[in-house]
Amino acid sequence: MSDQLFFLKSLVMSFCEGDPNENPWVNGIKRTQEPIIIVPYNTEWGTIYNEEKNKIQRQLQGKIISIEHIGSTAVPGLFAKPVIDIDLIIADPIQEIDYIPALEKLGYVLRVREPSWYQHRMLRLDSPRINLHIFGKNCPEHIRHLLFRNWLRNHEDDKLRYAAAKLEAVEGAEHIMEYNDNKNRMIKDIYENIFNNIDACLSEL
């Protein structure tokens, strides 16, 4: 494990909630909710990610620190919403002029801005359906995304438990926040397993 990751370990193992009074929606307006659909793993998701990664890299030309396929569509065999989640790590998310106009040329639309939560931005692409998450270098949330993804890739038992929790969580959920709340206990349980093995997990990044 690098000295840098060791320094960040305590931050990775604690969760920042952000300002509850902050309105994250650009222009203050939340768009219409999408239906919550959970489907079996599709091998095309990896192909879609790689194609989009190449487009983003060409468009931003050297401004990217890293780009990663995260979330359930990045875990082979896992049930998921058919939405590709991508983490894009850049030097400074505050400097939106450095990346938003370029991403807009690819069809992305800025939907979420959360200064109090790791300076997170989220841009949406409708076709293919992608949520592009912007974070800065060494962001603990991004590191957690990688840890969670890698853990599920390597631990079949927790992957199956999480899949079952997702299918149960979607039942009766009318909006995405309710769905997320319904599976939150299982997410915390899996993170507890990760944090109990944090040094080994970080060493794999």
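The values are calculated or read from the model by the stated rules, or taken from the named source; none is laboratory data. The model shown is predicted, which means the values in this text are computed figures rather than measured ones. Using ideal geometry, Cβ is built from the backbone for each residue, glycine included, and neighbour counts are taken over all protein chains shown. Just so you know, the surface numbers come from the protein's heavy atoms only, side chains and all, with ligands and any DNA or RNA stripped out. Shrake-Rupley method; radii C 1.70, N 1.55, O 1.52, S 1.80 Å.
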The number of residues in the range 147-163 that are within 16 Å of LYS81 (Cα to Cα) and either open to solvent by 60 Å² or more (accessible area, probe 1.4 Å) or modelled with pLDDT under 95 (or both) is 1
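Select from the range 103-124 the residues that are within 17 Å of ARG58 (Cα to Cα) and touching a residue at least 40 places away in the same chain (Cβ under 8 Å) and list them in ascending order.
LEU103, LYS105, LEU106
Determine, yes or no, whether ARG149 is under 21 Å from HIS69 (Cα atoms), in contact with a Pro (Cβ under 9 Å, 6 or more places away or on another chain) and in contact (Cβ under 8 Å) with a residue 40 or more places away in the chain. Walk me through how you get there before you give the answer.
Working: under 21 Å from HIS69 (Cα atoms): yes; in contact with a Pro (Cβ under 9 Å, 6 or more places away or on another chain): no; in contact (Cβ under 8 Å) with a residue 40 or more places away in the chain: yes.
Spelling it out, it is not the case that ARG149 is under 21 Å from HIS69 (Cα atoms), in contact with a Pro (Cβ under 9 Å, 6 or more places away or on another chain) and in contact (Cβ under 8 Å) with a residue 40 or more places away in the chain.
For the range 88-205, which helices (runs of 4 or more DSSP H) that fit wholly inside it have 1 or more residues that are basic (Lys, Arg) and farther than 21 Å from GLY18 by Cβ?
Details: elements: 100-104, 140-154, 156-170, 176-182, 184-195, 198-203.
Once the helices (runs of 4 or more DSSP H) in the range 88-205 are filtered for at least 1 residues that are basic (Lys, Arg) and farther than 21 Å from GLY18 by Cβ, what remains is 140-154, 156-170.
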Within the range 164-184, the residues that are farther than 29 Å from LYS9 by Cα, over 17 Å from the mean Cα position of the chain (by Cα) and open to solvent by 40 Å² or more (accessible area, probe 1.4 Å) are ALA164, LEU167, GLU168, GLU171, GLY172, GLU174, HIS175, GLU178
Within the range 101-116, residues of a type outside the set (Gly, Ala, Ser), out of contact with any Pro (no Cβ under 6 Å at 6 or more places or on another chain) and surrounded by 16 or more Cβ atoms within 10 Å (Cβ to Cβ) come out as LEU103, LEU106, TYR108, LEU110, ARG111, ARG113
Residues in the range 8-61 that are in contact with a strand residue (DSSP E or B) (Cβ under 7 Å, 6 or more places away or on another chain) and hydroxyl-bearing (Ser, Thr, Tyr) total 2
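Based on what the data block shows, is ARG113 of a type in the set (Lys, Arg), at pLDDT 95 or above and within 13 Å of the chain's Cα centre (by Cα)?
no
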Residues in the range 185-205 that are more than 18 Å from the chain's Cα centre (by Cα) and of a type in the set (Ser, Thr, Tyr) total 1
Counting only residues in the range 45-68 that are in contact (Cβ under 8 Å) with a residue 60 or more places away in the chain and assigned to a strand (DSSP E or B), the one surrounded by the fewest Cβ atoms within 10 Å (Cβ to Cβ) is identified as ILE65
